[in-house]
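The values are calculated or read from the model by the stated rules, or taken from the named source; none is laboratory data. Remember, predicted model here, so these are calculated numbers, not experimental data. Virtual Cβ from ideal backbone geometry, glycine too; neighbours counted across all protein chains shown. Just the protein is used for accessible areas: all its heavy atoms, side chains included, with ligands, DNA and RNA removed. Shrake-Rupley method; radii C 1.70, N 1.55, O 1.52, S 1.80 Å.
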Amino acid sequence: SGVKTNIPFLINVLTHETFLKGMATTNFINENPELFNIKPKSNKELKLLNFIGEKIIQTKGQKENFDVPIIPKVQLPNNLYGTKQILEKNGPKGVVKWIKNQRKLLITDTTMRDAHQSLIATRLRTRDMVNIAPATSVYGKDLFSLEMWGGATFDVAYRFLKECPWQRLEELRKRIPNIMFQMLLRGSNAVGYKNYPDNVIRSFIKEAKKSGIDIFRIFDSLNWLKGIEVALDEVLLNNGLAEVCICYTGDILDKDRDKYSLNYYIKKAKEIEKMGAHILCIKDMAGLLKPYAAYKLISALKQEVELPIHLHTHDTSGNGVATLLMAAEAGVDIVDTAFNSFSGLTSQPSMNSVVAALENTPRETGLNLDYLEEISQYWEAVRQVYYPFESDLKSGTTEVYKYEIPGGQYSNLKPQVESFGLGHRFKEVKEMYKRVNQMLGDIVKVTPSSKMVGDMAIFMVQNNLTPENILTQGKGLNFPDSVVDYFKGLMGHPEGGFPKELQALVLKGEKPITKRPGEILEPEDFQKIALYLKEKHNIEPTEKDLLSYALYPKVFDEYLQYIKEKGDFSRMGSDIFFHGLAEGETCEVEIADGKVLVVKLLEIGRLDSEGNITLSFEINGQRRDILVKNKE
Ligand code: 3PY
Ligand code: ZN
């Protein structure tokens, strides 16, 4: 009777080749003992099924239908020639000269970095980038650069996607040999949220360059240029293209706000030119640069400095394309855009729109709209599976001019506020963000200073503090770490200095530092890290591993542990990675080079009395069952 009620066994019988061919004799069962075998065969199989099983439970087996992204078929010519070749042949100075000789508006695509950082909480996986890389290389051959690394993508890759950011860079480099790669580097914070010792910054830049980065876009979160000296020096030493930012804040058209005036920007631009940068970036991280202000700013800067100018903005207000066109009119050299389906809202303005707008004008970009459309359509289908990470912002909002919250933070602040149980007070937090900024003396807000303002705003709402009562009510309170670091001078120095009374309150008598933080931090001991990683994870660490640990010890530790325990699913399709399988659905999963498993979900069983669910799969034609804990 055991045999009769054993459904998995029966399925094994019914799907067996011999049985299907009608050749099963009375000895069939005795001759095929594997018919009783329904447990996963190998550890790898088990890990894979456990991973998929957990996703199935998370989505309660309700997986939607997603469009399959269509990868344009391209012929890779062997003479692809682009900005990367100009850099290789003529060096950074040659690229600068080439930029200056262009009449067309040069275009950077940010889809693989800032666009997904701003729209889907930085979750875009390497696999989805790698699949479209050859087509990007051919159809985008006239792009100036791809911003595809840095910012928040580094730690999110390890932390949430369980994949290696260095590998992403190298895989893309292999497939896109002709377009310059660009990264966002947070000055002395590298790709983190705090100041790192100088030897970490230097080693990070060296490795990033070796792995394929050409342009380093460097900024300091307070426009404190001393904070980027080391990074800039190292980029120049490694023959990289150094693009140094002025972060844009305020409104140069508003006569009542004179702290960040046109003169402020001109002064900074001249300093940056003197420091030896190759390109000047206007980094409008919140999308505050209005179209006519862009015209005014770029016109003035083109008069005052020789450096090519690269404009970065966000479309949060809905004015992004207008800003880029006005900047083009004023002579900006390069602008940041994203493929249409990853553009708009808190992301960059649409590349397709800008390219179309400039057709048959003196600044025509040379990019082919039909080609761009095909790549956009790929990204449109890819984006569908990432819907759990979308913000609920449905249309642009001019509120951003009031609150000055950067693109990435805008879509992240709400979940952060909700996690403190303050979801119903979100509007108050935004208002407080603005008031905290004023209380701090109107500062530049971009990672990590923006996070500090956000943390402080939440803290003040939580504790019923206001700028009026903080000096009395705030006594004895422990302020968020980011706020303490800021007042200690660990993020550098704001224009106009710190408000003294508030600083004393937060630091509780501790003295702030006056030097560059990197000057007082102990150099990182990479040998010690190497020993630790060898011992703990049994690996021969590469330079890159050492750096990843130095930057994010806990995150990197957990990543290595995860890969060891649960497995490496970086080659799995994103629909499965995020949503599992639907009943009856089959997928192919590459678990190692060339090793593909065909997995089908046969059935989601019922919940048993111990809170477990049996999931029945078929792997390469063999029935396999696993038991998964139902997490309610
Ligand atoms: C980052 O630092 O990640 C940013 O995108 C800042 O604008
Ligand atoms: Zn940005």
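Below are the figures for this structure:
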read-out	value
With every protein chain in place, the stretch 100-235: carbon and sulfur % of accessible area (1.4 Å)	45 percent
Exposed-site-free run, longest, the chain (rule: chymotrypsin sites (Phe, Trp or Tyr not before Pro); DSSP loop; at most 14 other C-beta within 10 Å)	82-419
Net length gained if the chain between Leu422 and Glu380 were fully extended (0.36 nm per residue, minus Cα distance)	11.8 nm
Estimated D of the stretch 425-485 in µm² per second, where Rh is the Kirkwood radius over Cα pairs and Stokes-Einstein applies at 4 °C, 1.567 mPa s	112 µm²/s
Angle between the chain longest axis and helix 291-304 axis [Cα atoms, degrees, rounded to 10]	60 degrees
Amide N of the stretch 206-239 lying under 17 Å from the label point, which is placed 7 angstrom from the Cα of Leu76 along Cα→Cβ	212
Cα centroid of the stretch 153-220 to Cα centroid of the stretch 549-594, whole Å	21 Å
Longest to shortest principal axis, alpha-carbon extents of the stretch 451-513, angstrom	29, 23, 20
In order through the stretch 382-389: 3J(HN,Hα) via Karplus (6.51 cos²θ - 1.76 cosθ + 1.60), integer Hz, x for Gly, Pro	4, 4, 3, 6, 8, 4, x, 9
Across the chain: Cys residues that no other cysteine approaches within a C-beta distance under 4.7 Å	Cys164, Cys247, Cys587
Neighbour count of at most 16 Cβ within 10 Å plus DSSP loop: longest trypsin sites (Lys or Arg not before Pro)-free window in the chain	104-254
FRET efficiency, 1/(1 + (r/R0)^6) with R0 60 Å, evaluated for Glu273 and Asn464 via beta carbons	0.80
For the stretch 221-270, average projected area of the Cα convex hull in nm²	3.9 nm²
Long-range HN-HN contacts of Ile179 with modeled amide H, under 5 Å	Lys84
Protein accessible area in the stretch 508-616, 1.4 Å probe - carbon and sulfur %	49 percent
Residues Lys97 and Tyr292, FRET efficiency given R0 of 25 Å [Cβ-Cβ distance, rounded to 0.05]	0.20
The chain - share of DSSP beta bridges that are antiparallel (%, nearest 5)	40 percent
Histogram of C-alpha separations across the stretch 100-236, 10 Å bin width, %	12, 42, 34, 11, 0
From phi via Karplus (6.51, -1.76, 1.60), per-residue ³J(HN,Hα) for the stretch 567-579 in Hz, x at Gly/Pro	x, 9, 10, 5, 9, 6, x, 5, 5, 6, 4, 9, 10
Rounded accessible area per residue of the chain, 1.4 Å, Å²	43 Å²
Principal-axis tilt of helix 553-565 within the chain, Cα atoms, nearest 10 degrees	10 degrees
Net length gained if the chain between Glu522 and Lys89 were fully extended (0.36 nm per residue, minus Cα distance)	152.0 nm
Tilt relative to the chain, helix 407-419 - C-alpha long axis, 0 to 90 degrees, to 10	60 degrees
Descending principal axes extents, the stretch 113-184, alpha-carbon based, whole Å	33, 20, 17
Amide H within-cut-off set for Met148, under 5 Å, with H built and near neighbours excluded	Gln182
R0 of 45 Å, Cβ-Cβ distance Ile563-Thr398: FRET efficiency to nearest 0.05	0.50
Filter on Lys44/Lys544; Lys41/Lys600; Lys534/Lys564 - keep pairs with C-alpha separation over 20 Å	Lys44/Lys544
Unit Cα scatterers, Debye sum, the chain: log10 I(q)/I(0) for q = 0.06, 0.10, 0.12 Å⁻¹	-0.37, -0.94, -1.28
Residues whose placed amide H lies under 5 Å from that of Met285, excluding near-sequence neighbours	Tyr248
Approximate spin-label separation Gln167-Asp67, in nm, with each point projected 7 Å along Cα-to-Cβ	2.9 nm
Phi-based couplings in Hz for the stretch 194-200 (Karplus 6.51, -1.76, 1.60; Gly and Pro marked x)	9, 6, 9, x, 4, 5, 6
Given Lys39/Lys162; Lys283/Lys394; Lys21/Lys566; Lys206/Lys511, the pairs whose alpha carbons are separated by over 31 Å	Lys21/Lys566; Lys206/Lys511
